[in-house]
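Presented below is the structure to which this report refers.
Please treat every number below as a calculation from the coordinates, not as lab data. Just so we're clear, the structure is a prediction, and the values are computed from it rather than from any experiment. Note that each Cβ is placed from the backbone with ideal geometry, even for glycine, and that neighbours are counted across all protein chains shown.
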Amino acid sequence: MERITLDGNWRLQQAERGIDIPAAIPGDTHTALLEAGLIPDPFHGMQEQELQWIGRVDWILAREFDCPASLLESGELFLELESVDTFAEVLLNGTVIGTCENMFVRYRFDVSGTVTAGTNTITVKLSSAEQKARELSTRLPYPVPYMTYPTQSPHRNLIRKVQCHGGWDWGPCLMVAGLYEAPVLLASPLERIEYVHTNLTRDGDRWLLDVVTELQSSRTGETTLTISCAGVRHEERILLQVGSTELTRTLTIDGVEPWWPAGYGEQPLYELRVKTGHDAVNKQVGFRTVEVDTTPDAHGRPMTFRVNGKDIFCKGANWIPADSLPGRIRETDVEGLLQSAVDANMNMIRVWGGGRYEPDWFYGLCDRLGLMVWQDFMFSCALYPAQEYFLENVNEEVRHQVKRLKDHPSIALWCGNNEDIGALTWFEESRKQRDRYLIDYDRLNEGIIGSTVRELDPNRTWWPSSPSAGEGDYSDNWHDDSKGDMHYWSVWHEGKPFEAYHEVTPRFCSEFGFQSFPSLPLIESFCDTGEDLNISSPVMEHHQRNDRGNSIILSTFTRYFRLPASFSDQVYLSQVQQALAITTAVEYWRSKRPLCMGALYWQLNDTWPAASWSSIEYGGRWKTLHYAAARFFAPLMITVREESPGTITIYGVNDTEAPVSGSLQVDLVDFDGAVRGLLEDKAVLEAEASTSMEMFGLELSEAERFASCLRVRFIPDGDIPEAETTLLFAEPKRCGLREAAVKVTPVTGSEVILETDVPVLYLWLELPGWKGRFSDNCFHLFPDRPRRISLLGDIPKDRTALKLMHLRH
């Protein structure tokens, strides 16, 4: 198969405004306009609001390309387009060759006889998706409602485009358009491979790999089909029919190593090669089994992921698009975010249903890193139409995406949507006529998405929605922790205290979160003046898309902490309390293993610089929460609780496959620095379990409760990192912390030792201008426990500029 890839320099044109500028493809309208200096930065200040016109007008992308005569002699020619956003008419040399209406579908248009030898012109006319959505809304027989946000493009649920491009409660409304994969001109004298996809089953010590090859040919003929993987090879002559030919051949494979999630083993990948006489496809595959156990038990209905027969506690976060401007998304940046997930001991991410199906290289990164992927289909927080044209469009989308992605060993589950079952109760229309909208939901979600997944990928679990109790159950799983996956938002949206996380034990919690502000340097990047550095300034409120977000952050300050006076202190403390909230949840739920077998917090990353629920801010910098995640998702974890006044319980969690023995040490540490040992004993953390280690009484006066804390350490035998946690007997605002003298001593080019004379809570290290990160951050520092911290990344020349923040800094 010969090919010409049409990436690189195109022209972006808008006739009414006289715009004709260079545009990089893959890329989008907004990025091209920004690079040409025609628009201000949409992320700066409140400039996003000035740029809504871009999504309301039509655009043209065009370029010339040379086609050698030899390509025309090769046989049938066709143009492949993927990730066209969204409505487009495609022309070659002025002739319309096809139209697009779904950015999640791959289009292949026959251009035989349209392309000429020499110079050719390709033109993609992009119609306004916002205007198309408005037009479609006028044709509806009844309203199809959707959630709206502070800046919103209407009726985004009627078009097959990234839903959060129209605005969300953490992201801007930027209705970009463009080509996010390079168009490709392909030529083949006989056949072309449309898809290669596989089904994998285990047969004792062997693997059966069913390889499905879908071919397309313009005429009858013969060709050779060769399939090889992991040292096994199959070859045969096949007869091609005009049109489609589908062949399934089974390779019996042994001697391969299994693929494991991060923390459980290695991630070996094997090349699958499928070759015909004139085309070839190469893929990386991994050998593993993935089941989701939902067998009813005494507590309800579990949701336990089982990989290669081993029950996995899923630890991770939700993934949203890496940037609101697709033209800025770079594989190296995304790799950094995913590597950061693994560095924080995660083994799963959920690709959320209001974003996009990520490109192949994204899932290849997850394959190599051992990140299981909970894959939503791209429907979120809305009701959707069920007219025939829409269902046919979605059917084509689902077929393409399942065939494209199913061979990645990282894909652990297909999920129909995000919160669309819950959406049936959100809107007046669906509350009044639930049956009408429930039938529409079922026609789309079960009739199209679910049935197609079961047809094409029968060995992988289909999960109808998130949250959900599973197939056939349309009940509320927002507040029911007994079955399936749960979204627990009562702490954030309902204002419950962090301790409310202890009132539920989800079988699997796939969403929960608490907001914070991004770092001060990032805030300063979108603020013009010092006057903007106030959480109530118009700019800060514009970069807060949750209508009550800043007030929730502020009110939580007063619940747990002393009100910070300066803006920088407010930024710091917002991140501290975000980490405290999620730590409270995860430590408790992990201690409830195996009743709870998964915790995916909202959210890993950001699409722009803003206040949000992320643990990694826009640009890749770790917030306090991400450092905390590395601790609360560690393979060995200790958690301590005061179950009732004076009754202390300690749990140890061990995700590894072998018991771990060691020493349990419990100290009462006064805030003036005195340490009193309370308990030291040998202990064993059972394999792949939560172990109740200690329960004891501890009588303290009110004054002692405000003047001390409990420190618990588990020191494993052998070369295994220890686990440590701290229990405060009162809210931090009531703790009588002392002024501390923290000493920083450089010991090597990349390490420092931190010492203190009195306990320091939530010590945050900051090195202005440095792009690296620390081996640990925002931790408690005790006089008898100096900490050695490494600087990871490019080592700064000057470490004397290191700044420290803590609750009494």
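Among residues other than M805 with Cβ under 11 Å from its Cβ, the summed charge is 0 (Lys and Arg +1, Asp and Glu -1). Here the relative contact order of the chain, from alpha carbon pairs under 8 Å that lie six or more residues apart, stands at 9 percent. Dipole of the chain computed with +1 at Lys/Arg Cβ and -1 at Asp/Glu Cβ about the Cα centre; of I582, S137, Q339, farthest Cα towards the positive end is I582.
Projected label points at V281 and E702, each 7 Å from Cα along the beta carbon direction, are separated by 7.2 nanometres.
The residues packed around R711, meaning those with a beta-carbon under 13 Å from its beta-carbon, carry a net charge of -3 if Lys and Arg are +1 and Asp and Glu are -1. Modelled label positions at S228 and L208, each set 7 Å beyond Cα in the direction of Cβ, lie 2.5 nm from each other.
Each Cα pair under 8 Å and six or more residues apart adds its sequence gap; the mean of these over the residue count of the stretch 511-582 is a relative contact order of 47 percent. Distance from a point 7 Å along Cα→Cβ of N459 to each backbone N in the stretch 261-305: keep the residues under 13 Å and list them by number. Answer for the stretch 261-305: 285-291.
Helical content alone sets the calculated 222 nm signal of the chain at -5500 deg cm²/dmol, taking -39,500 (n - 2.57) per DSSP H segment of four or more residues and averaging over every residue. For the stretch 558-622, relative contact order (Cα pairs under 8 Å, six or more residues apart, normalised by length) works out to 15 percent. Net charge dipole, the stretch 714-809: roughly 480 debye, given to the nearest 20, about the Cα centre with Cβ charges of +1 for Lys and Arg and -1 for Asp and Glu.
Given R₀ = 45 Å, what would the calculated FRET efficiency be for V744 paired with T248, taking r from the Cβ atoms and rounding to 0.05? My answer for the efficiency is 0.10. Full extension of the segment from K797 to E499, taken as 0.36 nm per residue of separation minus the current Cα-Cα distance, would add 102.9 nm. Charged neighbours of P721, selected by a Cβ distance under 12 Å, balance to -2 (K, R count +1; D, E count -1).
So if each residue of separation counts as 0.36 nm, and I subtract the Cα-Cα distance between L563 and N534, what length gain in nm does that give? Full-extension gain reported as 9.0 nm. Restriction of the trypsin sites (Lys or Arg not before Pro) in the stretch 714-796 to DSSP coil positions whose beta-carbon has at most 11 other beta-carbons within 10 angstrom yields K771. Restricting the stretch 269-310 to trypsin sites (Lys or Arg not before Pro) that sit in a DSSP loop and have at most 15 other Cβ atoms within 10 Å of their own Cβ leaves nothing. Between L727 and D473, the FRET efficiency from the beta-carbon distance, with R0 = 25 Å, is close to 0.05. Couplings 3J(HN,Hα) of the stretch 355-362, computed from phi: x, 9, 5, 6, x, 4, 5, 4 Hz, in residue order, whole Hz [Karplus 6.51 cos²θ - 1.76 cosθ + 1.60, θ = phi - 60°; x for Gly and Pro]. Full extension of the chain between Q433 and S451 yields a length gain of 3.9 nm, computed as 0.36 nm times the residue separation minus the alpha carbon distance. Axis of helix 331-343 versus longest Cα principal axis of the chain: the two differ by about 40°, to the nearest ten degrees.
From the cross-link list K496/K623; K496/K733; K310/K483; K406/K771, which pairs have alpha carbons spaced over 30 Å apart? Beyond 30 Å between Cα atoms: K406/K771. Measuring from centroid to centroid over Cα atoms, what is the spacing of the stretch 247-267 and the stretch 301-326 in Å? Cα centroid to Cα centroid, the span is 20 Å. Computed about the Cα centre, the dipole magnitude for the stretch 213-256 is approximately 100 debye when only Lys and Arg (+1) and Asp and Glu (-1) carry charge, each at its Cβ. Relative to one another, the C-alpha centroids of the stretch 273-299 and the stretch 138-186 are positioned 31 Å apart.
Comparing Cα centroids, the stretch 381-414 and the stretch 612-642 end up 32 angstrom apart.
Counting only alpha carbon atoms, the long axis of helix 129-138 and the longest principal axis of the chain meet at about 80°.
Between D670 and T649, the C-beta separation translates, for a Förster distance of 25 Å, into a calculated FRET efficiency of about 0.65. By DSSP, the beta bridges lying fully in the stretch 407-520 are antiparallel in about 10 percent of cases. Remark: spin-label model distance H809-E236 equals 6.8 nm, labels positioned 7 Å along the Cα→Cβ axis. Cross-link reach is defined here as a Cα-Cα straight distance under 17 Å, omitting same-chain residues fewer than 8 places apart; for K803 the aspartates and glutamates meeting it are D569, E739, E751, E755, E766, D776.
Rounded to the nearest 10 degrees, the angle from helix 549-560 to the longest Cα principal axis of the chain is 20 degrees. Among the listed pairs K315/K592; K283/K403; K132/K432, those whose Cα-Cα separation exceeds 24 Å are K132/K432.
Projecting the Cα positions of V373, Y474, H806 onto the charge dipole of the chain (unit charges on Cβ atoms of Lys, Arg, Asp and Glu, taken about the Cα centre) puts H806 furthest along the positive direction.
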